[in-house]
Amino acid sequence: MSTTAANPGLEGLVVAQTELSSVNGTEGILRYRGYNIHDLANNTSFEEIIHLLWYGTLPSQQQLDELTSHLQRHRVLSESVMATVRALPHSGQPIDSLKAGVTAMGMEDPDQDNITPEGLREKAIRLAAAMPTILAAYQRLRNGQEPVDPDTELDTAGNFLYMVNGEKPSQTKRDAFNTYLVLLAEHSMNASTFTSRSTISSTSDLYSAITAALGSLKGVAHGGANMMAMNMLLEIGHPGEIDDYVDESLRIKRRLMGLGHRIYKTRDPRVDHLMRWSEKVAEEVGDTQWYQLAHRMEELTATHPYFSERKLYPNVEFYSAPLLYNLGFPPDMMPGVFAISRIAGWSANVMEQMANNRLIRPQAEYVGPEHQDFVPLDQRG
């Protein structure tokens, strides 16, 4: 029997070297390719972040225009992919429509197995362009509405809001959602990113890697946490109920969603940006209840010894939940919205994995019986 110590959750193990992003959990610093997330959040578009992650540099205006044109051209779904989305049960979670749509895209791609750098990049463009259309179409169809055709004059953020809500968004909403997409695009070796790299390492295809990543993201311990955070706020309902809710949660050991992070032992650097935009959008739509609830809960937990002693601070989901809700997204849609940002990071990680690929094949320590005598079926009691 092996005497090697297991690392549950692979905690502390380095499984890859990456140039894409770095996370300093102690100091609360996130960088994409060396650029501080605070600089990127305030000054870049999601399309610029895609270029940075996929091509290694922030784009010139010409490079940005070319990438944007490619993305806009691939927003319209093929007849077969749209038929797939239309055929899906309306009772499912929206993120599952992305899994179905991405799979359909792969099945109709005659060049599906092309995992050369050029092939991966071209498919990544198609996926980043089409996934917002898939998600928006499913959201409208399950509400008895017809999908809205993409608007090639709008950026990724504005176009998605338009396709979901059926009206051109305000500049405030566009800027808020663009910032959200920038902040969620990449985050080192998280569960779904590891899943995408592990899948492609078997020399599978990009569509399979992204579908696998979507399955990982769906979990409430990962991308589903924004949905759970919003459901928590809806359950509380009023700022005056927060104290009792927190006390009861501690008593019955119910987790407060949106607080704490596997990596960050201080305030998540993305939180301040999401908090600010959550407040701005709430004021614009005339519904500040959910922002105020989140803000009041943060104030309470910041001075509560249980949370301060355990270094449980707001994470990226805490204010993204009320922000996305006021942008028109119901809670169960939020994990899918997360995915249309993270496709940028997933694709970049797949490209990086294939640049120097080795099959990801960890070992497990066997702890079962060492030896058992076989008993034929007719002699088993």
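All of the numbers you see were taken from the coordinates with simple rules; none came from a lab. Just so we're clear, the structure is a prediction, and the values are computed from it rather than from any experiment. All Cβ positions, even for glycine, are placed from backbone atoms using ideal geometry, and neighbour counts span all protein chains on display.
Residues of segment 189-222 with an amide N closer than 17 Å to a point placed 7 Å from the Cα of ASN356 along the Cα-to-Cβ direction: 189, 197-198, 201. Less than 5 angstrom separates the built amide H of HIS74 from none of the residues sequence-distant by 5 or more or on a different chain. Let me know the shape class of segment 116-270, please: from the alpha-carbon gyration tensor, a ≥ b ≥ c as square roots of the eigenvalues, rounded when a/c is under 1.5, otherwise prolate if a/b is greater than b/c, or oblate. Note, shape of segment 116-270 comes out oblate.
Using the Cβ of ILE115 as centre and a radius below 14 Å, the other residues enclosed give a net charge of -4, where K and R count +1 and D and E count -1.
When the chain is treated as a GNM with alpha-carbon contacts under 10 Å, the residue of PRO314, PRO369, PRO331 showing the greatest mean-square fluctuation is PRO369. In this rough spin-label picture, where each label sits 7 Å from Cα along the Cβ direction, the ASP332-GLU299 distance is 3.4 nm. Shape index of segment 229-381: Rg/Rh, with Rg the Cα radius of gyration and Rh the Kirkwood radius from the inverse mean 1/r over Cα pairs, equals 1.19. Amide H contacts under 5 Å for GLY25: none, restricted to partners 5 or more places along the chain or on a different chain, H placed in the peptide plane at 1.01 Å from N. With viscosity 1.567 mPa s and temperature 4 °C, the Kirkwood radius over alpha carbon pairs of the chain converts through Stokes-Einstein to a diffusion coefficient of 59 µm²/s.
Sort segment 66-174 into rounded, prolate or oblate with this rule: let a ≥ b ≥ c be the square roots of the eigenvalues of the Cα gyration tensor; rounded if a/c is under 1.5, and if a/c is not under 1.5, prolate when a/b is larger than b/c, oblate otherwise. Because a/c hits 1.5 or more and a/b fails to exceed b/c, segment 66-174 counts as oblate. Would you mind classifying segment 284-362 by shape? Square roots of the alpha carbon gyration tensor eigenvalues, ordered a ≥ b ≥ c; an a/c under 1.5 is rounded, otherwise it is prolate if a/b is larger than b/c and oblate if not. Judged from the Cα gyration tensor, segment 284-362 comes out oblate (a/c at least 1.5, b/c at or above a/b). Modelled spin-label separation between ASP151 and ALA87, with each label point placed 7 Å from Cα along the Cα-to-Cβ direction: 3.2 nm. Near ASN356: Cβ cut-off under 12 Å, other residues only, Lys/Arg at +1 and Asp/Glu at -1. The net charge is 0. Of the peptides 139-146, 191-198, 26-33, 119-126, the ranking by mean beta-carbon count within 10 Å, highest at the top, reads 191-198, 119-126, 26-33, 139-146. With 0.36 nm allotted per residue and the present C-alpha distance subtracted, the GLU118-ALA221 stretch has 33.7 nm of extension available.
Based on Cα contacts under 8 Å between residues 6+ apart, segment 1-99 shows a relative contact order of 12 percent.
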